[in-house]
1. So how much slack lies between A312 and Q365, counting 0.36 nm per residue of separation and subtracting their Cα-Cα distance, in nm?
2. Counting only the heavy atoms of the protein chains, how much of H224 is accessible to a 1.4 Å probe, in Å² to the nearest 10?
3. If you wrap a convex hull around the C-alpha atoms of segment 115-169 and split its volume per residue, what is the figure in Å³?
4. Rounded to the nearest 10 Å², what accessible area does E274 show when all protein chains are kept and the probe is 1.4 Å?
5. Among K364/K508; K508/K534; K158/K256; K364/K513; K136/K436; K136/K364, which pairs are too far apart, with a Cα-Cα distance over 23 Å?
6. First measure r as the distance between the Cβ atoms of Q536 and Q400, then evaluate 1/(1 + (r/R0)^6) with R0 = 56 Å and state the FRET efficiency to the nearest 0.05.
7. Helix-only mean residue ellipticity at 222 nm, the chain, DSSP H runs n ≥ 4 weighted -39,500 (n - 2.57), per residue, nearest 500. What is it?
8. For the chain, just the Cα set please: Rg and Dmax, both in angstrom.
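The values are calculated or read from the model by the stated rules, or taken from the named source; none is laboratory data. Please read these numbers as outputs of a predicted model, since none were measured by experiment. Positions of Cβ are backbone-derived with ideal geometry, glycine not excepted, and every protein chain shown enters the neighbour counts. We work out accessible area using only protein heavy atoms, side chains counted, and drop any ligands, DNA or RNA first. Shrake-Rupley method; radii C 1.70, N 1.55, O 1.52, S 1.80 Å.
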Amino acid sequence: MCLPIRRHCLAVFSILAVLGCITVPARGAPPEAAFDILLRGGLVIDGTGKPGARADVGIREGRIAAIGALEASQGTIEIDADGLVVCPGFIDLHSHADRGILQYRSAENYIRQGVATLVCGNCGMSPTNVAEFFGKLRDGGTGPNIALLIGHGSVREKIVGSRNVAPDEAQMTAMKREIRKAMEDGAVGMSTSLRYGTGAFASAEEIAELAKELAPYGGFYATHMREEGSQILEAIEEALEIGRLSGTPVHISHHKIASASVFGLTRLTLERIEKARAAGVDVTLDQYPYGAGSSRLAVYVPQDSLSGGIEAFRERIADPEQHRKIAGQIEVLLLDKLYEPGQSPRNEADNIRALARLQIARAKQTPQFEGKNLTEVLQARGEAVTLPNGAELLIELVSQEVVGINHTLDAQPGGDVDRVMQYPLTSHASDGAVFKFGEGNPHPRSYGCFPRVLGHYVRERQLLSLEAAIRKMTWQPAQRLGWTDRGIVREGAWADLAVFDPKTISDKATFQKPHQYSVGVEHVIVGGELVLHKGQMTGSLPGRPVGLPAKKSP
């Protein structure tokens, strides 16, 4: 357009505006119908911990384009958020969703909690070919975004096997190469389980050497520590030492006291973590908001008895002498984990209470036991509820690779769960997975973690403020991941948002009936697309692999 004609058009435009023939947007305001999605009148809680404020939020091309009074603007889709909270979609720092996400791509159990990003590959277990895994994720998409930690145990098993041996020089070189390749392909760090699996056979020096490979990429070290019961203070020192030797940030997974004999030790663990942070150590933690954990029941047998894998374990327990030794070691572990101070294995009532702490979640060979605890199984068989019989039952269940739920955490008001939750640097995380709805008897955390915090701990018990709880689910985990444009409601940030009713958000899943979706989350937006709309799944799968900000997105 030539300059004289352009000036003429502007003059005509101005005259028409004065006559009221057209509407002129306010200076700096977006034009009408400028947004793909426009959320109107919600209580916007941005994730940083600041008090919420009523505002509109406009989304365009996958990002948050405007926040404020947008009455003059329109959206292709408009959502009345009056009475609802608009906040960042939750970032679950600790999940095992990599196990089922390719089969159950929508991850409905997480979307209905308000989760927009799942960090997978925790506790030392992950796909070892990150590029291949991410390629499969992109091919079809997912409901939430996916980030991945490379699992040390999976890498070790690939290179060294499941043997209780130290890696030789060639094996260490190969493991380092695997870690580097994983980071180059988009992993955000490395995870370990030093409590069980092949990770239990690794020394702190081995882990530190491998963790050094994370530093050039800005990755962090997440650890299921070697012990979460009576020896937890020593385990924390080991984790901190690994961080010091490797030069990487340390993240303590699902922090808890998992032994009834030493409930209350979080007073000392949190004090030690705070002392380390005051000395300049970058250490953080996460927690699931329940009084029980879940894992293979193999955590209750001596880990060296599992060297060589489950077949080697079956061979050992077939030998009477080794069987007797393993059973005795299990009895010692059960005394530490299941019996509270003052309880005795010589007391039948104490045995009944103690062995009821272990509940069977998934048992392929004996599905009739799913949902029952050890006490109930022994009673159903007509066996006495004793510590030796409990140990023998565990040997049988471990040989069948049974997964259990461990009711060994102090969830009483003022107990360890409360104390860890209130610690400012604790992020809320599920430690859950995605799977077929209705199958098995999994831990309810896979369905209810985040609504449980917002409903039970915020609204009902008022243990945390709403803003503080949301920070622990959004901006705080984003900071651990080094992300500046996720986990926050801010112009220019990715439009990963959760919209929920603070009066009704609740978890429904229980330990006996876990397959129940949470309620109260009305809308979930991932990358600017509605995945949940008016409480209904849309079928959209906009989630993508998300890596570290320092390198090209995978």
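1. Numbers: separation 53, 0.36 × 53 = 19.08 nm, distance 1.89 nm.
Here the segment from A312 to Q365 would lengthen by 17.2 nm.
2. It works out to around 20 Å².
3. On the way: hull volume 4.5 nm³, N = 55.
Per residue, the Cα convex hull of segment 115-169 comes to 83 Å³.
4. Accessible surface of E274 is approximately 90 Å².
5. Details: K364/K508 26 Å; K508/K534 19 Å; K158/K256 30 Å; K364/K513 18 Å; K136/K436 19 Å; K136/K364 28 Å.
Too far apart for the 23 Å limit: K364/K508; K158/K256; K136/K364.
6. Values: r = 40 Å, r/R0 = 0.71.
Once rounded, the FRET efficiency stands at 0.90.
7. On the way: 17 runs with 175 residues, N = 554.
Taking each H run of at least 4 residues, the total per residue is -9500 deg cm²/dmol.
8. 25.8, 101
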